[in-house]
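See below for the structure under consideration.
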Amino acid sequence: QVQLVESGGGLVQAGGSLRLSCAASGRTFSSSAMGWFRQAPGKERDFVANIRWIGARTSYADSVKGRFTISRDAAKNTVYLQMNSLKPEDTAVYYCAASPYSNPTPESYDLWGQGTQVTVSS
């Protein structure tokens, strides 16, 4: 069974950094792109960033550009989200997801992790 497992969340002060990891397991895991999303309490889930496995092309939400960096290690089937200059408004549950499309729409992600909590204190 294919699974995505996130790790690296926690509590950090504003201005601090965290690195999230998302490891894919399962012999049949295959996707073209990976994404990170987040959901704050009482709000909808929002796109944060995505990356293609081939070529490593990335895209970011405007709210995190210049602060967050998505990367991948294809040999490990792992995607990372380096988050710097964190703000209280970054507080959310962060989810990674896999899409079979290289130019994924939010609706195209068909495999999701369980989420990891990120809390930024002011």
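The values are calculated or read from the model by the stated rules, or taken from the named source; none is laboratory data. The structure presented is a predicted model; accordingly, all values stated were derived computationally and were not measured. As a convention, Cβ positions derive from the backbone with ideal geometry for all residues, glycine included, and neighbour counts pool all protein chains shown. Note: accessible area is taken over every heavy atom of the protein model, side chains too, but ligands, DNA and RNA are not part of it. Shrake-Rupley method; radii C 1.70, N 1.55, O 1.52, S 1.80 Å.
Just need a number here: residues in region 97-122 that are closer than 17 Å to residue 4 by Cβ, part of a loop (DSSP other than H, G, I, E, B) and touching a residue at least 24 places away in the same chain (Cβ under 8 Å).
Counting residues in region 97-122 that are closer than 17 Å to residue 4 by Cβ, part of a loop (DSSP other than H, G, I, E, B) and touching a residue at least 24 places away in the same chain (Cβ under 8 Å) gives 7.
Just one of the numbered conditions (1) under 12 Å from the mean Cα position of the chain (by Cα); (2) among the basic types (Lys, Arg); (3) farther than 14 Å from residue 118 by Cα is not true of residue 57; which one?
(1)
Can you find a residue in region 80-102 that is on the phi < 0 side of the Ramachandran plot, at pLDDT below 95, open to solvent by 20 Å² or more (accessible area, probe 1.4 Å) and out of contact with any Ser or Thr (no Cβ under 6 Å at 6 or more places or on another chain)?
No: region 80-102 contains no residue that is on the phi < 0 side of the Ramachandran plot, at pLDDT below 95, open to solvent by 20 Å² or more (accessible area, probe 1.4 Å) and out of contact with any Ser or Thr (no Cβ under 6 Å at 6 or more places or on another chain).
With the structure loaded, tell me whether residue 16 is assigned to a loop (DSSP other than H, G, I, E, B) and either without any contact (Cβ under 8 Å) to a residue 12 or more places away in the chain or open to solvent by 50 Å² or more (accessible area, probe 1.4 Å) (or both) or whether it fails that test.
No; evaluated as a whole, the condition is false for this residue.
Could you list all residues from region 103-121 that are among the small types (Gly, Ala, Ser) and exposed (fewer than 13 other Cβ atoms within 10 Å of the Cβ)?
121
Take the residues in region 6-41 that are modelled with pLDDT of 95 or more and among the polar types (S, T, N, Q), then tell me which one is farthest from residue 95 (Cα to Cα).
13
Identify, please: which residue in region 30-42 is open to solvent by less than 40 Å² (accessible area, probe 1.4 Å) and not in a loop (DSSP other than H, G, I, E, B) and is, among those, farthest from residue 79 (Cα to Cα)?
Result: 38.
Among the residues of region 89-122, which ones are among the hydroxyl-bearing types (Ser, Thr, Tyr), within 25 Å of residue 13 (Cβ to Cβ) and under 13 Å from the mean Cα position of the chain (by Cα)?
Residues satisfying the conditions are 94, 95, 116.
Which condition from (1) open to solvent by less than 60 Å² (accessible area, probe 1.4 Å); (2) among the basic types (Lys, Arg); (3) within 13 Å of residue 18 (Cα to Cα) is the one that residue 52 breaks?
(3)
For region 20-29, indicate whether the set of residues that are open to solvent by less than 50 Å² (accessible area, probe 1.4 Å), at positive phi and touching a strand residue (DSSP E or B) at 6+ places or on another chain (Cβ under 7 Å) is non-empty.
yes
So in region 67-79, with the set limited to residues that are exposed (fewer than 15 other Cβ atoms within 10 Å of the Cβ) and in contact (Cβ under 8 Å) with a residue 12 or more places away in the chain, which one is nearest to the chain's Cα centre (by Cα)?
Only one residue fits best here, namely 71.
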